[in-house]
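Bear in mind that the values in this text are calculations on the coordinates, not laboratory data. Just so we're clear, the structure is a prediction, and the values are computed from it rather than from any experiment. All Cβ positions, glycine included, derive from the backbone under ideal geometry; neighbour counts span all protein chains shown.
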Amino acid sequence: MPQCYKSLDLPEFKMKKSIQFIINPKSGGKSKSKVPSIIENYLDKNLFDCEISFTNSEKETLTLAESSVKNKTDVIVAVGGDGTINNIAKFLKNSNSVLGIIPFGSGNGFARELKLFGSIKNSIQIINKQNIKQVDTGMVNEHFFCNLAGVGFDAHVGGLFAESTTRGFQTYIKITLNEYKKYQPKLYKIKSSNNEIKNVEAFMICVCNGPQFGNNAFVAPQAKLDDGIFDVSIVKPFSIWETPTIAMTLFSKSDKAHSFLERIKSNEFTILRENDDMVNIDGEPIKMGKELNFRMFPKSLKVLVP
C-alpha cells in the first residue's frame, strides 16, 4: 500500500514557549506598576504563553523561580537588579530554562555587560528575538553568583546599603563617600588550587566573572562572562590623594597598572581572612565565615541577549 500521507503538504506545528516574568517591586527604588501592561503590549503572543508575578519578599522570589524551573518553564524573566537576577538564575544553572532580564536595579552590572539596558520595550523586544548566549557562573562556598563576589570595602558598603531605608545609586554613593575615609584594610591569604599562598593587605578583593560593579564602574576591564576564568582584582591600601586616580581607573575602563591594584586570574582558589564578615554576592551582602572557596562553572547559564 502506498504511503500517501508522506506527501501531504501540512503546515508545521509550532508549540508556544512558556514564559514567566518575576517582578521584584522594590529593586532600584523604581515603580514597576506599568511593567505588566508594557509586557502585554510588546511580548509576541505568537511565540509565548505568558505569566506575570509580583513577589513580596526574597523568599517568594526564590520559591517562584525554583518552581518555574521544576515545571520546565522555557523562559524565566528577572525584572529587577543584580540581586533579583541572582535569586532567579541560581535555579537556572545547568537547566534547560533560559534567563531573560528586564534590568531595574541600582547598578545593573550583569545586565549592562550583556548589553541589556534601555527601555522596558527594548528588553521585551530582545526576549522576542530569542537569541541565547551561554555564560559562566561562580560559587563561593554554597553561594551562587553571576557577576561578582567580593570581600572588604564593597561588601561593607553593601551591608550598610541593605540596611538603608532608601535605595538607588545616589544612596549607594552617599554611603560609599561616608565610609571610605574610616574603613581599615584587612589581611587576607589567597590560596591557589596548587596550594600556593599569597598574603595581601587589601582595601577590597573583587572576584569578577563580569568586568563591572554596575553603572559602568569597571573593576576588571578584561573580564569576560564566557571565558571560563575569574579576574580577581586586589585593591591595596592607598592614600587619599590617589582617590581620583582610582575613580578614573574605574570609570574610564582603564587596565593600566597601578601600585594600589593587582590583578590575577584563576578558576578555583580560596580566600582566608581573620574574621567572619560580609561578602558581596552580586551586590547583596551575606555574612560568611573565614574561609571562602571560589569555583567557576563555565557556560552554565543560558541568557537572552540582543
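Near residue 279, the amide H atoms lying under 5 Å from its own belong to 286, 287, 288; only residues 5 or more places off or on other chains count, and H is placed 1.01 Å from N.
Positive-end ranking of 183, 56, 21 along the dipole of the chain, with charges on Cβ about the Cα centre, is headed by 21. Pick from 146, 50, 208: which residue has the top mean-square fluctuation in a GNM of the chain where Cα pairs under 10 Å get a spring? Top of the fluctuation ranking is 50. Reported to the nearest whole Å, the Cα centre-to-centre distance from region 59-81 to region 123-194 is 21.
Which Cα, out of 216, 156, 203, lies furthest along the positive dipole direction of region 128-217 (beta carbon charges, K/R +1, D/E -1)? Highest projection toward the positive end goes to 216. For region 144-297, compute Rh as the Kirkwood radius over C-alpha pairs and then the Stokes-Einstein diffusion coefficient at 20 °C and 1.002 mPa s; write the answer in µm²/s, rounded to an integer. Estimated via Stokes-Einstein, D reaches 136 µm²/s. Overall size of region 45-103 from C-alpha positions, given as principal axis extents largest first: 31, 23, 17 Å.
Which of 118, 29, 159 ends up with the largest GNM mean-square fluctuation for the chain, with Cα atoms connected below 10 Å? The residue that fluctuates most here is 118.
Rounded to the nearest 500, the helix-only mean residue ellipticity at 222 nm of the chain stands at -7500 deg cm²/dmol, with each DSSP H run of n ≥ 4 adding -39,500 (n - 2.57). Based on the alpha-carbon gyration tensor of region 17-137 and its eigenvalue square roots a ≥ b ≥ c, which shape applies: rounded if a/c is under 1.5, prolate if not and a/b is larger than b/c, or oblate? Because its axes are fairly even, with a/c under 1.5, region 17-137 counts as rounded.
Relative contact order for region 17-137: 30 percent, from Cα pairs under 8 Å spaced at least 6 residues apart, divided by residue count. With the convex hull of the Cα atoms taken as the outline of the chain, the averaged projected area works out to 19.7 nm². Across 243, 165, 63, mean-square fluctuation computed from a Gaussian network of the chain (C-alpha pairs under 10 Å connected) peaks at 165.
Counting only Cβ charges, +1 for Lys and Arg and -1 for Asp and Glu, the dipole size of region 144-297 around its Cα centre is about 240 debye.
The C-alpha atoms of the chain define a longest principal axis, and helix 153-163 lies at about 60 degrees to it. Between residue 197 and residue 71, the FRET efficiency from the beta-carbon distance, with R0 = 45 Å, is close to 0.45.
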